[in-house]
Ligand code: GLC
């Protein structure tokens, strides 16, 4: 189980309102008690923080607000001593516009070596219009024009914010530099990397138009021969990275962030000589219905089984609405880049019930599971007032899209105190007034709480023989809005997506249930049970 630490919102050790390494070190005990095998820490590198650190100015330095490289080394040591591996987040598609390379590019001329590390081009229409029709994921064109010697000059490419210029991966210096950065952190003891926007690094020669109508902020990523997503040549980069990871003892690992719908294309990233896992984004995108979840599960297993890689599961991350909020809506699908009231009302109570069932479903699946910090506390998205929003999606869309701040609010650790125990001096994003009861210490020891459900499930996941070795998921007949599956030996999971109690279609003793208030032999509405099977029905 890999726990995603969104560092600025996890725990604040120095009282400046922002999470940091010191805070994280002070909570290793909490992570151990939860049953975490590894943590994935979102970017902590030096950065102007225009996109929460996914805009890196120095890949070998820790941002002073998070700590120092020495503290990072200590953290890694302490995590290892507690049996927890440490995965960092590498951002290879783009640097910050404050990276020394980009500054040098701005100061140099068209055609220079400095500019060749990025994508600089002359504009169309005598330079007035962007070089092609690509759009930024965050809104607006993917190009910004620079000043060349006091006059409007070339344009540079940025698939995200203008402060995140895309690197040119055809440039050998770029490739060498990133291998060196990986080595730097591997040498420090880091166990692996999550690769940000792993599919986007290579662009089509000539940067041809995408051909999408104006206003389509995210183009169809499944389109064959897409000019900036999932190009065949990207795999050469990952083969090189794999060789590097394998040269370490023990070998280091990679997990790709790859928002691809096509299972075959996705599986190419985890071929035996490439990356180890991809983050399973089908699962996040799926609606909370029996049919849709079963389809997503089957697709993910098939995609990775074809190449012999393990499957991964994640219900949320720092880029999407939290599970409680998403599943509290009438339409439970995740919509790209959209969040907030524009998606309609949220029934939080319903969202909570479904999120508990989703936790048991997810933790029963074969492979590795990612848990986004705070999901184990059952947090919902917070309603962030416009003036406090920080996500560039909010500004770049001119306030049309709310952005991702609602899912990034600092964690509540204690029921009281200025920032619910997050730190001594408030929190960088406002926490909701009703968060006290959701605090970690308020939930600990209460068997009906989210936290204890997660802890119990994670304990069983390690100790129950059918779960610890789960790799043989078998579906069983169940009514339309119920999913039932087993693993041998002797484990069963039943999820009721419907709004009335449903008979449990497998014979066994209940190990764990999201709701114990229902009669024996029934699974609660919007609930789930784990079973110790007396026998495996044939
Ligand atoms: C990834 C990150 C996201 C970031 C983007 C640009 O999708 O998860 O938070 O904004 O890449 O780096």
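The values are calculated or read from the model by the stated rules, or taken from the named source; none is laboratory data. None of the values given here were measured: they were computed from a predicted structure. When we count neighbours, we look across all protein chains shown, and the Cβ atoms used for this are built from the backbone with ideal geometry, even at glycine.
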* Asked: What pairs can you find where one residue is in the stretch 149-162 and in contact (Cβ under 8 Å) with a residue 60 or more places away in the chain, the other is away from the ligand (no atom under 13 Å from the Cβ) and not in a loop (DSSP other than H, G, I, E, B), and their Cβ atoms are less than 8 Å apart, with a gap of 6+ or different chains?
  -> 158/143; 158/144; 162/144
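So that you can scan it fast, the table gives a plain yes or no per residue for (1) part of a helix (DSSP H, G or I); (2) under 21 Å from the mean Cα position of the chain (by Cα); (3) within 30 Å of residue 352 (Cα to Cα); (4) at pLDDT below 90:
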position: 221; (1), (2), (3), (4): no, yes, no, yes
position: 243; (1), (2), (3), (4): yes, no, no, no
position: 297; (1), (2), (3), (4): yes, yes, yes, no
position: 316; (1), (2), (3), (4): no, yes, yes, no
* Asked: So, of the residues in the stretch 119-133 that are part of a loop (DSSP other than H, G, I, E, B), touching a strand residue (DSSP E or B) at 6+ places or on another chain (Cβ under 7 Å) and closer than 23 Å to residue 174 by Cβ, which turns out to be farthest from the ligand (Cβ to nearest atom)?
  -> 122
* To do: Any chance you could count how many residues in the stretch 90-118 are assigned to a loop (DSSP other than H, G, I, E, B) and away from the ligand (no atom under 16 Å from the Cβ)?
  => 7
* Got at least one residue in the stretch 520-528 being on the phi < 0 side of the Ramachandran plot, at pLDDT below 95 and either in a strand (DSSP E or B) or surrounded by fewer than 17 Cβ atoms within 10 Å (Cβ to Cβ) (or both)? -> yes
* Asked: For the stretch 395-423, which residues satisfy the criterion of being within 13 Å of the ligand (Cβ to nearest atom), surrounded by 22 or more Cβ atoms within 10 Å (Cβ to Cβ) and either at negative phi or not in a loop (DSSP other than H, G, I, E, B) (or both)?
  -> 404, 405, 407, 408
* Asked: Mind checking whether some residue in the stretch 284-291 is surrounded by fewer than 22 Cβ atoms within 10 Å (Cβ to Cβ), in contact with a strand residue (DSSP E or B) (Cβ under 6 Å, 6 or more places away or on another chain) and at pLDDT 95 or above?
  -> yes
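Residue by residue, here is whether (1) more than 30 Å from residue 409 (Cβ to Cβ); (2) out of contact with any strand residue (DSSP E or B) (no Cβ under 7 Å at 6 or more places or on another chain) holds:
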{"position": "437", "(1), (2)": "no, yes"}
{"position": "443", "(1), (2)": "no, yes"}
{"position": "447", "(1), (2)": "no, yes"}
{"position": "457", "(1), (2)": "no, no"}
{"position": "485", "(1), (2)": "yes, no"}
{"position": "493", "(1), (2)": "yes, no"}
{"position": "509", "(1), (2)": "yes, no"}
{"position": "512", "(1), (2)": "no, no"}
{"position": "528", "(1), (2)": "no, no"}
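Any residue at all in the stretch 179-191 that's free of Cβ contacts under 8 Å to residues at least 60 places away in the same chain and either within 16 Å of the ligand (Cβ to nearest atom) or assigned to a loop (DSSP other than H, G, I, E, B) (or both)? If you could, list the steps in order and put the result at the bottom.
Restricting attention to the stretch 179-191, the residues satisfying the condition of being free of Cβ contacts under 8 Å to residues at least 60 places away in the same chain are 180, 187.
After this cut, where a residue has to be either within 16 Å of the ligand (Cβ to nearest atom) or assigned to a loop (DSSP other than H, G, I, E, B) (or both) as well, the list is none.
No; the residues of the stretch 179-191 include none that is free of Cβ contacts under 8 Å to residues at least 60 places away in the same chain and either within 16 Å of the ligand (Cβ to nearest atom) or assigned to a loop (DSSP other than H, G, I, E, B) (or both).
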* Could you please let me know if residue 304 is more than 16 Å from the ligand (Cβ to nearest atom), part of a helix (DSSP H, G or I), over 18 Å from the mean Cα position of the chain (by Cα) and free of Cβ contacts under 8 Å to residues at least 12 places away in the same chain? => no
* Asked: So which of 201, 207 is in contact (Cβ under 8 Å) with a residue 60 or more places away in the chain, assigned to a loop (DSSP other than H, G, I, E, B), surrounded by fewer than 18 Cβ atoms within 10 Å (Cβ to Cβ) and in contact with a strand residue (DSSP E or B) (Cβ under 9 Å, 6 or more places away or on another chain)?
  -> 207
* Asked: Can you tell me which residues in the stretch 24-53 are farther than 17 Å from residue 88 by Cβ, more than 16 Å from the ligand (Cβ to nearest atom) and either part of a loop (DSSP other than H, G, I, E, B) or in contact with a helix residue (DSSP H, G or I) (Cβ under 9 Å, 6 or more places away or on another chain) (or both)?
  -> 27, 30, 33, 34, 35
* To do: Residue by residue through the stretch 346-386, note down the ones that are under 15 Å from residue 404 (Cβ atoms) and in a loop (DSSP other than H, G, I, E, B).
  => 373, 374, 379, 380, 381, 382, 383, 384
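Away from the ligand (no atom under 16 Å from the Cβ) and on the phi > 0 side of the Ramachandran plot: which single residue out of 351, 344, 328 fits that description? Break it down into steps so the answer makes sense when it comes.
Values: 351 fails: on the phi > 0 side of the Ramachandran plot; 328 fails: on the phi > 0 side of the Ramachandran plot.
Only one candidate passes the filter, namely 344.
Inspect the stretch 260-267 for any residue being more than 28 Å from residue 138 (Cα to Cα) and not in a loop (DSSP other than H, G, I, E, B) and give the result as yes or no. Even if it seems obvious, please write down each step before you answer.
Residues of the stretch 260-267 more than 28 Å from residue 138 (Cα to Cα): none.
Taking every residue of the stretch 260-267 in turn, none turns out to be more than 28 Å from residue 138 (Cα to Cα) and not in a loop (DSSP other than H, G, I, E, B).
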* **Leading residue by the ranking (surrounded by the most Cβ atoms within 10 Å (Cβ to Cβ)) among those in the stretch 248-271 that are within 11 Å of residue 309 (Cα to Cα) and more than 16 Å from the ligand (Cβ to nearest atom)** => 270
* Asked: Among the residues of the stretch 54-88, how many are within 16 Å of the ligand (Cβ to nearest atom) and in contact with a helix residue (DSSP H, G or I) (Cβ under 7 Å, 6 or more places away or on another chain)?
  -> 2
